[in-house]
Amino acid sequence: PKLVVAVPRLREDIKALLRLTDTPHPAISKCRVSTTAVALYLMGDASGQGFGSGLWDGSGLHYEAANWAIHCKDETSNWKEACNLKFRIEALEARGKLKNAELFVLSDNSVFEGTFYKGHSTSKKLNDIVLDLRMVEMRTGCIIHIIHIAGTRMKRSGMDGLSRGDLLEGMMAGINPLSFIPLELSADARVDGRITRWISSWWKHKNGRAW
């Protein structure tokens, strides 16, 4: 039709488009990092009172922890966990650590992960955080991956305790950080073949044998 009814989110979408296109030349979105391939791993968690994050690369583990300011304490858990990671990512950008880097961000907040890849949620504040991260990608040429992990894995890693001031668990106690996120293993390998056995229990050939 020649005329359509504008939806309520149109105003915010236009503001986002103005930010994304406010450059003299079109931004380049990379499929993979070039020149110097640097892999950084960032894991963070937030609680009602505090937040913490751990970054590890070839030089070791670098962690930060703090308490929320009074005006932030009533924010939602989704905002706190996303904002905690955004603060750390923007600090890495300011230090020049994200140029041609690939950043793997681990979070037990599935809402944040979904919003990052869908580009929209019902929370304007969460949308703004995701837009800020996309702007970081444009400015630095880095690639950000948001990867959801189980809350139990976050606890074992020590990041859950770090947000509460505990420095004696998981990677904070000296355990290799990568042992908590076996990204090199398939889902089936991580559970000792249980996925294959489950599929084989109901997916069979016409002759009755497992697929």
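Give the distance, in whole Å, between the Cα centre of the stretch 192-211 and the Cα centre of the stretch 1-77.
Here the two parts' Cα centres lie 41 Å apart.
For the chain, what is the accessible area per residue in Å², given a 1.4 Å probe and the full set of protein chains?
62
Out of (i) 130; (ii) 208; (iii) 164, which label holds the value of volume of the Cα convex hull per residue in Å³ that was computed here?
The listed entry that was calculated here is (ii).
Per 10 Å bin from zero, what fraction in whole % of the C-alpha pairs of the stretch 146-211 is there, up to the bin with the longest pair?
19, 33, 22, 15, 9, 2
Sorting check: for 24-30, 78-84, 179-185, which peptide has the highest mean count of neighbouring beta carbons within 10 Å, and how do the rest follow?
The packing order, highest mean first, is 78-84, 179-185, 24-30.
Does the stretch 1-123 come out rounded, prolate or oblate, given a ≥ b ≥ c as the square roots of the eigenvalues of its C-alpha gyration tensor, rounded meaning a/c under 1.5 and, failing that, prolate meaning a/b above b/c?
Numbers: a/c = 2.34, a/b = 1.24, b/c = 1.88.
Verdict is oblate for the stretch 1-123.
Rounded to the nearest 20 debye, what is the charge dipole size of the chain about its Cα centre when +1 sits on each Lys and Arg Cβ and -1 on each Asp and Glu Cβ?
Dipole of the chain, to the nearest 20 debye: 840 debye.
Trypsin sites (Lys or Arg not before Pro), restricted to the stretch 141-211: which are DSSP loop and have at most 12 other Cβ atoms within 10 Å?
Lys206, Arg209
For every helix of n ≥ 4 consecutive DSSP H residues, a contribution of -39,500 (n - 2.57) applies; sum these over the chain, divide by its total residues, and give [θ] at 222 nm rounded to the nearest 500 deg cm²/dmol.
Values: 8 runs with 79 residues, N = 211.
Taking each H run of at least 4 residues, the total per residue is -11000 deg cm²/dmol.
Got a number for carbon plus sulfur as a percent of the chain's accessible area, 1.4 Å probe?
The nonpolar share, carbon plus sulfur, comes to 57 percent.
Using Cα pairs closer than 8 Å and at least 6 residues apart in sequence, work out the relative contact order for the chain, in percent.
For the chain, the relative contact order is 21 percent.
Along the charge dipole of the stretch 74-211, Cβ charges K/R +1 and D/E -1, which of Leu167, Ala187, His145 sits furthest on the positive end?
After comparing all options, I get Ala187.
Kindly point out which whole DSSP H helices in the chain project their C-alpha atoms 20 angstrom or further along the helix axis while averaging a Kyte-Doolittle hydropathy of -1.0 or above.
Qualifying helices, which must be both long enough and hydrophobic enough, are 77-94, 124-140.
Of Cys31, Trp56, Ile89, whose Cα points farthest to the positive end of the dipole of the stretch 19-131 (charges on the beta-carbon: +1 Lys, Arg; -1 Asp, Glu; origin at the Cα centre)?
The one lying farthest along the dipole's positive direction is Cys31.
The values are calculated or read from the model by the stated rules, or taken from the named source; none is laboratory data. Owing to the predicted nature of the structure, the values given are computational and were not obtained by experimental measurement. Neighbour counts run over all protein chains shown; Cβ positions are idealised from the backbone, glycine included. The accessibility values were calculated without ligands, DNA or RNA, using every heavy atom of the protein model including side chains. Shrake-Rupley method; radii C 1.70, N 1.55, O 1.52, S 1.80 Å.
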